[in-house]
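The values are calculated or read from the model by the stated rules, or taken from the named source; none is laboratory data. Treat the numbers as computed from the prediction; the structure is a model and nothing was measured. Positions of Cβ are backbone-derived with ideal geometry, glycine not excepted, and every protein chain shown enters the neighbour counts.
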Amino acid sequence: MTVIRAIVTDIEGTTSSISFVKDVLFPYAYRRLPAFVETHGDTPEVRHWLHEAAKEAGIVEAPRQEVIELLLRWIKEDRKSTALKALQGMIWQEGYASGEYQAHVYPEVSARLHEWRADGLHLYVYSSGSVPAQKLFFRYSEAGDLTPMFSGYFDTETGPKREQRSYESIAEVVGELPAHILFLSDIVEELDAARAAGFRTGWLLREPLEIPASPRHPAYRTFDDIVL
């Protein structure tokens, strides 16, 4: 059996519940975005991402209010926009820092991350959320600060999660052959792309999802079920 030397994990539906993102983080960003843009819209970083969002939408020049309305619509659509994810991450930072919420992680995740790290594996995150948002998520988790567990983070600036090339790029950065890297996700199309790049894969199907009789990837209920 090929030795696993690194693990790359998704967040939503894998380490953490989709409902936390959908029912807590998205509504928080939706409520706070207009005031955040009005307050911080002239700072270089925010101005950059507002410009990127407008460019992505094909808008050459637009009033700030039009861009705000565009971003609010994208939040409702859960659009996988790098610009939107970056702005959401900045907004979420305020909520985490003020203690309005903590990031949900499944009960076994913290112990398994610590165990894998102690065994010498290098752990990484690959999520559609921005890298700053990922770091906030694990820094302010219900299980405490988990950021020391991770060696690096990847978001959609690396590439779309359903494209083989994105995983090839991750392997190059990690510095391991793809066959020595395990990718964990709840999305089968992401796992397909990772496997095409040569990764080992693990399909998280947490309850109440059913595990198919013949799953396309090794399927697990929890991290405790994963045998390396």
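If I ask for residues that are free of Cβ contacts under 8 Å to residues at least 12 places away in the same chain and part of a helix (DSSP H, G or I), which ones from segment 75-96 would you list?
GLU77, the sole residue that qualifies.
Working only within segment 203-228, note down all residues that are β-branched (Val, Ile, Thr), modelled with pLDDT of 95 or more and out of contact with any Asp or Glu (no Cβ under 7 Å at 6 or more places or on another chain).
Once the filter is applied, which keeps residues that are β-branched (Val, Ile, Thr), modelled with pLDDT of 95 or more and out of contact with any Asp or Glu (no Cβ under 7 Å at 6 or more places or on another chain), segment 203-228 yields ILE211, ILE226.
Which residue, of GLU12, GLU38, GLU56, is assigned by TED's automatic domain parsing to the domain that holds MET149 and of a type outside the set (Phe, Trp, Tyr)?
So the residue among GLU12, GLU38, GLU56 that is assigned by TED's automatic domain parsing to the domain that holds MET149 and of a type outside the set (Phe, Trp, Tyr) is GLU12.
Out of the residues in segment 1-17 meeting the condition of being among the β-branched types (Val, Ile, Thr) and closer than 21 Å to GLN93 by Cβ, tell me which one is surrounded by the most Cβ atoms within 10 Å (Cβ to Cβ).
If we take residues in segment 1-17 being among the β-branched types (Val, Ile, Thr) and closer than 21 Å to GLN93 by Cβ, then THR15 is surrounded by the most Cβ atoms within 10 Å (Cβ to Cβ).
Take the conditions closer than 18 Å to THR156 by Cα, surrounded by fewer than 20 Cβ atoms within 10 Å (Cβ to Cβ), among the basic types (Lys, Arg) and outside the structural domain of PRO132 (by TED's automatic domain parsing) and apply them to LYS85. Does it pass?
no
Consider THR2 carefully, then state whether it is hydroxyl-bearing (Ser, Thr, Tyr) and outside any helix (DSSP H, G or I).
Here the answer is yes, as THR2 does meet what is asked.
Pull up segment 97-124, narrow it to residues that are of a type in the set (A, V, I, L, M) and assigned to a loop (DSSP other than H, G, I, E, B), then point me to the one that is nearest to GLY58 (Cα to Cα).
VAL105
Of these, GLU142, GLU190, which one is of a type in the set (D, E, K, R) and surrounded by fewer than 19 Cβ atoms within 10 Å (Cβ to Cβ)?
Just a single option satisfies the conditions, and that option is GLU142.
Can you pull out the residues in segment 126-184 that are more than 21 Å from MET90 (Cα to Cα) and of a type in the set (A, V, I, L, M, F, W, C)?
ALA143, MET149, ILE170, ALA171, VAL173, VAL174, LEU177, ALA179, ILE181, LEU182, PHE183, LEU184
All but one of (1) more than 23 Å from ASP186 (Cβ to Cβ); (2) surrounded by 18 or more Cβ atoms within 10 Å (Cβ to Cβ); (3) not charged (D, E, K, R) hold for LEU25; which doesn't?
Of the numbered conditions (1) more than 23 Å from ASP186 (Cβ to Cβ); (2) surrounded by 18 or more Cβ atoms within 10 Å (Cβ to Cβ); (3) not charged (D, E, K, R), the odd one out for LEU25 is (1).
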